[in-house]
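*Asks:* Below is the structure I would like to discuss, written out as structure tokens.
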Amino acid sequence: SAKTGGRDCYQFFSPRLQEDINRKTDMAVKLRHAVEKNQFYLYYQPQIDLANGKLIGVEALIRWADPEKGIISPKDFIPLAEETGLIIPISEWVLKEACRQYVKWLSKGYNPVSISVNISARQFQQRDLVAKINSIIATTGMDRNYLTLEITEGTALMDLDHAIDVIKKLRDTGIKVALDDFGTGYSSLNYLKLLPVNIIKMDQTFMRDIISDNTDREMAKTIICLSHKLNLYVTAEGIETEDQLVFLKDNHCDYGQGYLFSRPLPPEEIDDIICRGIFSMLQLKKMEYVNI
Ligand code: C2E
Ligand code: MG
Ligand code: MG
Ligand code: MG
């Protein structure tokens, strides 16, 4: 009977799996609520020109402030947001908020630095993405020459033709595009010469053992060389120690980002860094001592 069949089927569901499903449904409801109540905010992490210690930009990184759980990291809700489609309103808010913040910094008379915004896979596949970005730029008064959009390798390779088309359109209007988490996904490098990106962001996994592991060191060197051969800038993510910084400088890596310089900070705290616009080695040392 149907009932027996149902019972048989039920055996495939462990209580553990059921728990996972419940937790996910709970979380999806909460996330929808968070979108309605706007429980998100942006942190900003400095990006530094490694040759001279100058601040060249900040990356906007989303945080979710849940009234019960506290601050939730994007790693714990972006995948669900992608799955539920909530990533679309969330992403629109992120871009709008980042542009609004940039315009505010400019109005205070700070030197312009670029602002990087992460674009999710599903957001990037939207056919009206470029129009949406243009509209946000127009309404916020953002200077598009200071906007960088970050997409991951994985996102770009989901539909390479679409990616090439979108990146070309963005670049034609002055927006820059960075390839995020580079080196983690795919072994074929052929696509790299087809993608008209400006910047390669070497994934932070390369930083971890760069001092102790010869293979990682050679790979990092290769990524830096490859980027330069293709006339691209290269950013190292996840710089945590001075040894890593010295290695990157010795190997002419252009830009860097990591806890050594600063963790991602709320707008009030990053204000001072943007105002000064420079990370001298002296300041760096001081910051290490005061602990960031
Ligand atoms: P990502 O774009 O690669 O961002 C870099 C991540 O590395 C950030 O984590 C940053 O806090 C962290 N990080 C920076 N320096 C260091 C370091 O020295 N050591 C270590 N261990 N980590 C460092 P976060 O903020 O948790 O974001 C994680 C990921 O979530 C991002 O990776 C990005 O893929 C995604 N994400 C963040 N904000 C957004 C957003 O607004 N929209 C979308 N679609 N995705 C976002
Ligand atoms: Mg990023
Ligand atoms: Mg990254
Ligand atoms: Mg990452």
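The values are calculated or read from the model by the stated rules, or taken from the named source; none is laboratory data. All values reported here derive from a predicted model rather than from experimental measurement. Virtual Cβ from ideal backbone geometry, glycine too; neighbours counted across all protein chains shown. Surface accessibility is based on the protein's heavy atoms, side chains included, excluding ligands, DNA and RNA. Shrake-Rupley method; radii C 1.70, N 1.55, O 1.52, S 1.80 Å.
*Asks:* Quick one: dipole size for the chain, taken about the Cα centre, charges +1 on Lys/Arg Cβ and -1 on Asp/Glu Cβ, in debye to the nearest 20. Walk me through the numbers on the way to the answer.
*Replies:* Details: 35 positive and 40 negative charges, 134 e Å.
Roughly 640 debye, rounded to the nearest 20.
*Asks:* Additional query: More than 19 angstrom separation, counting every C-alpha pair in the range 50-125; what % is that?
*Replies:* Values: 1350 of 2850 pairs.
Summing the P(r) tail past 19 Å for the range 50-125 gives 47 percent.
*Asks:* Quick one: which residues, 5+ away or cross-chain, put their amide H under 5 Å from the amide H of Glu59? H built at 1.01 Å from N.
*Replies:* Here Gln45, Gln47, Ser116 satisfy the definition.
*Asks:* Taking only Cα atoms, what is the 0 to 90° angle, nearest 10, from helix 214-229's long axis to the longest principal axis of the chain?
*Replies:* Here the helix axis deviates by roughly 70 degrees.
*Asks:* Give me the mean projected area, in nm² to one decimal, of the convex hull enclosing the Cα positions of the range 157-199. It would help to have the intermediate numbers written out before the result.
*Replies:* On the way: hull surface 11.9 nm².
It is 3.0 nm².
*Asks:* While we're on this one: With a cap of 16 neighbouring Cβ atoms within 10 Å, and only residues DSSP puts in a loop, list the chymotrypsin sites (Phe, Trp or Tyr not before Pro) found in the range 174-276. Walk me through the numbers on the way to the answer.
*Replies:* Values: sites: Phe182, Tyr186, Tyr191, Phe206, Tyr233, Phe247, Tyr255, Tyr259, Phe261; in loops: Tyr186, Tyr259, Phe261.
Within the range 174-276, the qualifying chymotrypsin sites (Phe, Trp or Tyr not before Pro) (loop, at most 16 other Cβ atoms within 10 Å) are Tyr186, Tyr259.
*Asks:* Comparing Arg23, Arg276, Arg144, which has the greatest mean-square fluctuation in the GNM of the chain with Cα pairs linked when under 10 Å apart?
*Replies:* Looking only at Arg23, Arg276, Arg144, the biggest GNM fluctuation is shown by Arg23.
*Asks:* A further question on this structure: How far is helix 281-290 tilted, in degrees, relative to the longest principal axis of the Cα atoms in the chain, given as a value from 0 to 90 rounded to the nearest 10?
*Replies:* That works out to roughly 50 degrees.
*Asks:* Would you mind getting the accessible area per residue of the range 178-265, heavy atoms of the protein chains only, 1.4 Å probe, in Å²? Before the final figure, lay out each step's value.
*Replies:* Numbers: 4240 Å² over 88 residues.
Using a 1.4 Å probe on heavy atoms only, each residue of the range 178-265 averages 48 Å².
*Asks:* For the range 64-120, which trypsin sites (Lys or Arg not before Pro) pass both filters: DSSP loop (anything but H, G, I, E, B) and at most 13 other C-beta atoms within 10 Å?
*Replies:* Numbers: sites: Lys69, Lys75, Lys96, Arg100, Lys104, Lys108; in loops: Lys69, Lys108.
Passing sites in the range 64-120 are Lys69, Lys108.
*Asks:* Would you mind counting up the charge near Asn198? Only other residues with Cβ under 9 Å from its Cβ, with Lys and Arg at +1 and Asp and Glu at -1.
*Replies:* Net charge in that neighbourhood comes out at +2.
*Asks:* Let me ask something additional. Using the alpha-carbon atoms, what tilt in degrees (0 to 90, nearest 10) does helix 15-37 show relative to the longest principal axis of the chain?
*Replies:* The angle comes out near 60 degrees.
*Asks:* Separate question: Per residue, how many Å² of accessible area does the range 48-173 show with a 1.4 Å probe?
*Replies:* Working: 5580 Å² over 126 residues.
Ligands and nucleic acids excluded, the figure is 44 Å² per residue.
*Asks:* Let me ask something else about it. Rounded to a whole number, what % of the accessible area of the range 55-117 do carbon and sulfur atoms account for, probe 1.4 Å? All intermediate terms of the calculation are to be shown ahead of the outcome.
*Replies:* On the way: 1530 of 2730 Å².
Heavy-atom surface of the range 55-117 belonging to carbon and sulfur, 1.4 Å probe: 56 percent.
*Asks:* Then there is this: State the three equivalent ellipsoid semi-axes of the chain, derived from the C-alpha gyration tensor as the square roots of 5 times its eigenvalues, in descending order and whole Å. Numbers along the way, then the final one.
*Replies:* Details: eigenvalues 233, 114, 96 Å².
Semi-axis lengths for the chain are 34, 24, 22 Å.
*Asks:* What residue among Asp181, Asp159, Asp20 has the largest mean-square fluctuation in a Gaussian network model of the chain, using Cα springs under 10 Å?
*Replies:* It is Asp20.
*Asks:* Suppose the Debye formula is applied to equal point scatterers at every Cα of the range 114-265; what is log10 I(q)/I(0) at q = 0.10, 0.20 Å⁻¹?
*Replies:* Treating every Cα as an identical point scatterer, log10 I(q)/I(0) equals -0.37, -1.26.
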